[in-house]
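Asker: Take this structure first; my questions come after.
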Ligand code: SAH
């Protein structure tokens, strides 16, 4: 019956009131009770929506016109936000973005209803003083258009590269460096990759900045082993961009959806970039994972450490460890740290990082979080303290079962996806009470929500 009421075609327009912001940052309204998503629209706004796509359960609309504008609107970054990803909330004033993120977490709990969720204490989102230029790494695609070298991100829904001499979320040093690299590469006339003709050499520039040491690591991703005029390129970089202390080449041949290839060679300079987080210095090889927002990472780790409340009796398991940043930060205060991570290079870095910081009570191993947990239990290790920081998919089912079963006394869950967090809490609440949820804004201007959760064994 209801279905017949909605006789809509693509291109039709109707008035819509926005009720909330959805998990991908779009405005959400209801057209004859059918959920309608409109990117760029804000809660409380009255808009004219133009139909872009019609699905069984929802409509995707385009913001045609705003009839009543929200006082929280900020159109400063509109032009870029319309073109590239990573600015899905940039049209909303920052103080309101923080409220939106808390609400996205509330919506996830409401949807998955883990036991006792009504009583959970959800704190206000911790934001940044200056929520701009925070990303310490730029990974920009390179193209040549009308004899000019450009570098940036793909335009929404296409493989056209948008040149980004400025990007409001990207650290200023990485932008300055990329802009200088563009002109050096143009001067030297080094062939740029052309995806249509599958020809050319330079595909991607990756620049990672160390916030502590104010220097940078460059990786040039190429379509072939050879990099013409390599020596001149390195010389000019040394002269004109002294901040770069390490230059590597990564080879990724042909058209692929992956940005990085398997093979990375150091061309010049230091093997590692170093970054300091809460008193420990970490060595980072070009591909090693590091959080992108160091200022917020420091706050997040401090909250996690505080929630974990570890002591000299703690035997800690740092699951999904990356290069070991969380576990190693705690090593001095606990009896023993065990860590797991599926990427072997990251574990190699974690080991070096332990050594370099004179940490002898850490044991990092390559395998899935659940396999290592099982191994440790088999070895008779009594894990009484647990920290997990899984990817967006959340905890593996078997690991959930094992945690519910073994129930380590102290437990902190760091989540980068409220939906999988809420789903996992459904299981975990069998043996744990959820004490506090602290959202923290690691990615201002985007809809990403990071949450630190304190769990207490029942
Ligand atoms: N705790 C780290 C990294 C978190 S990102 C930090 O704060 O920097 C999540 C990490 O989990 C990634 O490094 C990813 O490679 C790893 N990972 C993904 N699936 C995994 C699995 N099943 N078991 C162990 N690690 C996994």
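Asker: So the check is Cβ under 7 Å with 6+ separation or different chains; which pairs have a first residue in region 386-403 that's closer than 9 Å to residue 370 by Cα and a second one that's near the ligand (Cβ under 8 Å from one of its atoms)?
Answerer: Once the first residue is closer than 9 Å to residue 370 by Cα and sits in region 386-403, its partners that are near the ligand (Cβ under 8 Å from one of its atoms) give 396/368; 396/369; 396/370; 398/370; 399/369; 399/370; 402/370.
Asker: Further question on the same structure: Out of 295, 341, I need the residue that is out of contact with any helix residue (DSSP H, G or I) (no Cβ under 6 Å at 6 or more places or on another chain) and either more than 29 Å from residue 236 (Cβ to Cβ) or crowded, with 18+ Cβ neighbours inside 10 Å (or both). Which one?
Answerer: None of the other options fit; the residue is 295.
Asker: Restricting attention to region 32-55, which residues are more than 21 Å from residue 109 (Cα to Cα), surrounded by fewer than 19 Cβ atoms within 10 Å (Cβ to Cβ) and either without any contact (Cβ under 8 Å) to a residue 40 or more places away in the chain or touching a helix residue (DSSP H, G or I) at 6+ places or on another chain (Cβ under 8 Å) (or both)?
Answerer: Correct list: 32, 33, 34, 44, 46, 48, 50, 55.
Asker: Just give me the residues in region 108-130 being more than 15 Å from residue 424 (Cα to Cα) and either assigned to a helix (DSSP H, G or I) or without any contact (Cβ under 8 Å) to a residue 12 or more places away in the chain (or both), in sequence order.
Answerer: 118, 119, 129, 130
Asker: Based on this model, can you work out whether residue 390 counts as within 13 Å of the ligand (Cβ to nearest atom), at negative phi and modelled with pLDDT of 95 or more?
Answerer: yes
Residue-by-condition table, conditions (1) crowded, with 21+ Cβ neighbours inside 10 Å; (2) within 16 Å of the ligand (Cβ to nearest atom):
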site	(1), (2)
400	no, yes
404	no, no
409	no, no
413	yes, yes
420	no, yes
430	no, no
446	no, no
452	yes, yes
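Asker: Next question, about the same structure. Give 399, 421 a once-over and let me know the one that is in the same structural domain as residue 344 (by TED's automatic domain parsing) and within 22 Å of the chain's Cα centre (by Cα).
Answerer: 421
Asker: In region 192-216, which residues are closer than 15 Å to residue 141 by Cβ, at pLDDT 95 or above and in a loop (DSSP other than H, G, I, E, B)?
Answerer: 193, 200, 201 - these are the residues of region 192-216 that are closer than 15 Å to residue 141 by Cβ, at pLDDT 95 or above and in a loop (DSSP other than H, G, I, E, B).
Asker: With 408, 439, 418 as the choices, which residue is closer than 15 Å to residue 308 by Cβ and modelled with pLDDT of 95 or more?
Answerer: 408
Asker: Among 384, 313, 357, which is the only one that is in contact with a helix residue (DSSP H, G or I) (Cβ under 8 Å, 6 or more places away or on another chain) and more than 9 Å from the ligand (Cβ to nearest atom)?
Answerer: So the residue among 384, 313, 357 that is in contact with a helix residue (DSSP H, G or I) (Cβ under 8 Å, 6 or more places away or on another chain) and more than 9 Å from the ligand (Cβ to nearest atom) is 357.
The values are calculated or read from the model by the stated rules, or taken from the named source; none is laboratory data. These numbers come from a predicted model, not from an experiment. Cβ sites come from the backbone with ideal geometry, for glycine too, and all protein chains shown count toward neighbours.
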